[in-house]
1. Percentage of Cα-Cα pair distances in region 63-136 greater than 14 Å, rounded to whole percent?
2. All other residues with a Cβ under 10 Å from the Cβ of residue 109 taken together, and with Lys, Arg as +1 and Asp, Glu as -1, what is their net charge?
3. Using Cβ contacts closer than 10 Å as the measure, can you line up 75, 34 from fewest to most?
4. In whole Å, what is the distance between the alpha-carbon centres of region 85-99 and region 121-175?
5. Determine the sum of side-chain charges near residue 63: Lys and Arg each +1, Asp and Glu each -1, restricted to other residues whose C-beta is under 11 angstrom from that of residue 63.
6. Could you pull out every whole DSSP H run in the chain that spans at least 18 Å of Cα extent along its own axis and averages 0.0 or higher on the Kyte-Doolittle scale?
7. Can you give the Rg and Dmax of the chain based on its C-alpha atoms, in angstrom?
8. To the nearest 20 debye, what is the magnitude of the charge dipole of the chain about its Cα centre, counting +1 on the Cβ of each Lys and Arg and -1 on the Cβ of each Asp and Glu?
Amino acid sequence: MAKKMYELPALPYDYGALAPYISEEQLKIHHQKHHQAYVDGANALLQKFDSRPDEFDIKAVAKELSFHVGGFALHKLFWKNLGPAEECGGEPTGTIAKYIEDDFGSFERFKQEFSQAAIGTEGSGWAVLTRCKVTDRLFIMQVEKHNVNVIPKFPVLMVLDVWEHAYYLDYKNVRPDYVAAFWNIVKWDEVNQRLEELL
């Protein structure tokens, strides 16, 4: 039986749907070129695992696989927690709103801290909202690259890609403007659903 491989997921909206906050050109390149590259990289490494060539450096291959699979998985989550501005953005409601109020004091405080995490991520990486099952609290993680500073087994509720390839065409090197724009296209219904599935 043929083993399964990674596949590039289709976006849940058209390439122009996130404009003007993310342009059609920016989104198309990000999805078709960059996300596809992580899919291709992960699949190439899976083939190495399957064939076990004579010169097989498991340490190097495992590290590279973590990078590519992390890129694949985080992008897949990212696309789903975005949506057209006329349907998204604003303040959350429901269970996620209650958790934000309890754990951060207010939505504005949460927005400030998440934005700081995104803007302050060193080099390339992600701002991630997650939940600790043990303490039943929301945490913000700064994930460098796709696989550094990840807290194991903490489920992801919301992500913001702050690699330059996510925003350079639209915002050049002004990451704070891109982060500010993100709040207009957050799909809170998706974030809320991810949280409720954990409870």
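1. Numbers: 1970 of 2701 pairs.
Result for the distance tail: 73 percent.
2. On the way: positive: 111; negative: 101, 103, 108, 113.
With Lys, Arg at +1 and Asp, Glu at -1, the neighbours total -3.
3. Working: 75 25, 34 15.
Listing 75, 34 from fewest to most nearby Cβ atoms yields 34, 75.
4. 19
5. On the way: positive: 59, 145; negative: 57, 64.
For residues surrounding residue 63, the net value is 0.
6. 58-80
7. 17.5, 57
8. Working: 22 positive and 29 negative charges, 120 e Å.
For the chain, the charge dipole is close to 580 debye.
We did not get these values from a lab; they are worked out from the coordinates using the rules stated. Given the structure is predicted, the values throughout are model-derived calculations rather than measurements. Ideal geometry is used to build each Cβ from the backbone, glycine not excepted, and the neighbour counts take in all protein chains shown.
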